[in-house]
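Each remark here refers to the structure printed beneath this line.
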Amino acid sequence: MIGAIAAHQVLSLRRQRTFTAILVTFLSMAAVAGVIGWSSHRTIVRVYDEAVRMLAARGERAPANPFDIKPPLAMLSNMAIYVPLIGALLALIVGHLSFADDQSGGQGRMIFSRSVSRSTYVLGKVAAAAEVLAIVLVACLLIGAASLFVVNDRVPSIGNLARLGGFYALAWLYLMLFALVGMTTALMTTRRSVALLSAIAFWLVLTFALPQFTSGLAPQASLNPVSDPVSSSQRFFEITAKARPFSVTEQYKAASARILETAPAESTAKTIGRVLPIAGLTGGLLVIAMRLARRRDYSRSGADD
Amino acid sequence: MTDSTGTGFDSAGRRVITLAHHEYRSALRSRIVAILVAILVVVTAASVYIASTAYRSKLADYEAYRSAAVAGGLAKIAPSPLRLLSLLEGAVEYLGIIGAIIGITLGYLSVSRERTHRTLPLLRSRPVSPGELAAGSALGALAVIITLVAATAVMAVLGLGVIGNDWVDGAQVGRLVLIYGAAAIYMGVFFCLGAIATARASIAVNGLMFALGIWLIVALILPQIGDTLDADNQVPGGLFAALSLNRADETTVLKKFTTYETIRRDIEEASFSKHFERFAFAMADVHEKYRGLTVSELLSEKHNDIIWLVVYPLVLGIALVVVFRRMPLLT
């Protein structure tokens with residue numbers, strides 16, 4: 001039955017063209033990330049060459065090219081920013097539509113006239129979101145691999161492909177967290193706008209507010225894959241840094257930087273330790289969604305706008 | 001709302017004010033607006049607190065240096081490199097992101113409230129023109145925005161004084177008025193966007209989603225792309241600093257990349273949020289380039305951003321009146 005509910009939900013997203021819109025947006029994100037990475041890298045190498053020529057004319061020695069130490073996957077680091085920025089909002093919408101549509105369209109009442117448990121219903125919806133997000137991320141992975149091939153003029157190594165796969169697996173988990181935020185808020189209220197805006201408020205807190213509290217990261221600094229380190233020696237941070245493991249956006253960015261090798265290496269156990277809070281919060285939200293679905297009154301349909 | 005005693009202009013004005021009152025009270029009663037405002041206030045307080053704490057110790061260091069220099073009879077004392085208003089950088093960025101969402105939410109609620117409660121046909125059965133309805137909604141929302149912006153500004157100034165141990169002077173108050181005035185206009189533009197998108201959509205929540213999509217592009221994606229394409233932002237600490245190049249060298253090198261720089265700048269120019277941010281940052285002394293300029297020099301330097309800050313509200317304000325005029329009574 002979980003499969004049937006999931007298949008129906010995927011079909012519904014396809015009929016509403018939501019699936020196409022999400023797929024196109026994600027593919028555009030991957031393509032833009034590739035183009036920006038390629039274009040900025042190419043320009044910066046030329047800027048460096050120009051600087052070397054200028055310094056040589058003055059008889060000065062040029063410093064080492066700061067890009068020589070950049071790993072091959074660094075050109076895709078913009079994608080790591082687009083996932084929490086655009087991807088998370090799209091995942092919120094996927095989660096929101098999963099339940100809000102059934103409420104406003106009255107399908108919920110129809111579904112529960114059959115012998116379907118609330119847990120099965122929620123798991124079916126979660127499976128549908130998982131499937132949709134997995135499909136779009138696999139497509140993004142293919143675009144990423146193609147970008148690497150075009151820019152480097154050679155087939156990416158197995159190691160780099162594995163790292164790319166690891167990054168997209170992490171991105172999937174992170175997006176599932178936000179799909180569940182969308183589902184949970186849709187189950188908490190019958191007002192669609194309140195549900196959607198509450199989910200966005202939650203996203204704002206996780207994406208911008210928590211990193212500010214735990215690491216002093218200014219909002220715009222969160223948008224650039226390369227940001228200057230922030231002094232966090234204040235007493236304030238000594239206290240708030242304890243909550244840093246729960247700042248899931250920071251943990252996602254740190255883990256993806258390690259996977260893409262754009263940050264100094266660390267042990268695999270430490271990187272897994274960064275992923276655990278994301279998995280924990282996702283699991284917690286799944287439990288909350290199931291409880292909320294159990295209490296929900298599906299005898300009334302037609303959600304408020 | 002009806003009035004027959006005053007002149008036409010008087011009664012129209014009174015109707016607009018009554019509608020604005022209604023809008024103001026309804027917005028303040030909204031729980032979701034309260035949640036978004038609470039988030040904005042908390043993050044603003046945190047960013048000012050963090051910046052002010054660091055500033056306080058730097059200020060103490062400078063004062064110690066100054067006292068020692070005076071005691072030692074030093075003829076030339078280096079001026080303070082600290083800029084108090086630059087501590088508002090984070091607060092301005094939050095207004096750019098969360099303030100815009102609050103504006104959209106106010107616009108959305110303004111239209112959807114009348115639709116959900118089916119009060120629009122009732123309102124239009126009274127002698128209220130679509131223009132008055134648009135003006136009343138916009139005026140009420142602007143009052144909410146001004147209240148919120150003023151509260152944020154007062155909180156920031158108190159934070160600078162109490163935590164940063166430095167109080168703003170008269171000239172800085174003038175700059176703050178310009179920064180927060182621009183913030184109110186900026187949020188007002190997003191109010192219009194939210195109201196227009198909702199009024200045009202057959203299902204109100206789809207209008208909200210559309211407006212949020214525009215916000216995402218304008219407030220986050222375009223500035224992000226422009227920022228990422230900036231050669232200097234590719235290396236922590238700055239590419240030109242890593243290559244030991246000064247400002248003049250940087251300008252000379254970048255002259256060879258005019259097409260790239262033009263494209264990058266045009267991408268940023270397309271973002272209304274970037275214009276607000278550039279204007280506010282210049283007034284707040286965030287970038288060294290503008291430090292030392294008077295307010296009139298800054299206004300002249302930032303005339304391009306000012307033009308955008310005037311044109312957008314005008315265009316969207318007119319669009320709001322047009323959309324309200326065409327809005328179906330029953331949906």
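Table for the structure above
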quantity: For A:30-37, mean number of other protein chain Cβ atoms within 10 Å; calculated: 1
quantity: The protein assembly as shown - convex hull of the alpha-carbon atoms, volume per residue in Å³; calculated: 187 Å³
quantity: Calculated P(r) tail over 25 Å for chain B, as whole % of Cα pairs; calculated: 59 percent
quantity: Estimated FRET transfer efficiency when R0 is 60 angstrom, pair residue A:114-residue B:306 (beta carbons, to 0.05); calculated: 0.45
quantity: Shielding by partners, peptide A:78-89 (average Cβ within 10 angstrom, other chains); calculated: 2
quantity: Karplus (6.51, -1.76, 1.60) ³J(HN,Hα), θ = phi - 60°, over region B:158-174, in Hz, Gly and Pro reported as x; calculated: 4, x, 4, x, 6, 8, x, 6, 8, 9, 6, 9, x, 5, 5, 4, x
quantity: Rg to Rh quotient for region B:237-309, alpha carbon positions, Kirkwood Rh; calculated: 1.01
quantity: Cα convex hull of region B:106-153, projected area averaged across orientations, nm²; calculated: 3.6 nm²
quantity: For region A:21-35, Karplus couplings with θ = phi - 60° (6.51, -1.76, 1.60), whole Hz, Gly/Pro x; calculated: 4, 5, 4, 4, 4, 5, 5, 5, 4, 5, 5, 4, 4, x, 5
quantity: Alpha-carbon centroids, region A:119-196 and region A:1-20: separation in whole Å; calculated: 16 Å
quantity: Taking the convex hull of Cα positions in region A:154-305, its mean projected area over all directions (nm²); calculated: 12.2 nm²
quantity: Tail fraction, Cα-Cα pairs, chain A, threshold 35 Å, whole percent; calculated: 28 percent
quantity: Net charge contributed by nearby residues that have their C-beta within less than 13 Å of residue B:271 (K/R +1, D/E -1); calculated: -2
quantity: Cβ-based charge dipole, region B:257-331, positive-most Cα from B:311, B:286, B:323; calculated: B:323
quantity: Gained length - residue B:129 relative to residue B:248, 0.36 nm times residue gap less alpha-carbon distance; calculated: 37.0 nm
quantity: Residue range of chain A that is longest and free of trypsin sites (Lys or Arg not before Pro) which are both DSSP loop and sparsely packed (at most 12 other C-beta within 10 Å); calculated: A:155-299
quantity: Straight-distance crosslink candidates among lysines, where the alpha carbon sits under 25 Å from residue B:76 and sequence neighbours closer than 8 are dropped; calculated: B:58, B:289
quantity: At 1.567 mPa s and 4 °C, Stokes diffusion of region B:1-124 via Kirkwood alpha-carbon radius, µm² per second; calculated: 67 µm²/s
quantity: Once the Cα gyration tensor of region B:81-134 is diagonalised, semi-axes √(5λ) in Å; calculated: 40, 13, 5
quantity: Note, ³J(HN,Hα) from phi for region B:266-274, Karplus 6.51, -1.76, 1.60, rounded to Hz, x at Gly and Pro; calculated: 5, 4, 5, 4, 5, 9, 5, 4, 5
quantity: Shielding by partners, peptide B:25-31 (average Cβ within 10 angstrom, other chains); calculated: 1
quantity: Region B:236-252 versus region B:72-94: alpha-carbon centroid distance in Å; calculated: 23 Å
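A short reminder: the numbers here are calculations on the coordinates, not readings from a lab. Fair warning: this is a prediction, and the values are worked out from it, not measured in the lab. In this analysis, Cβ positions are derived from the backbone assuming ideal geometry, glycine residues included, and neighbour counts consider all displayed protein chains.
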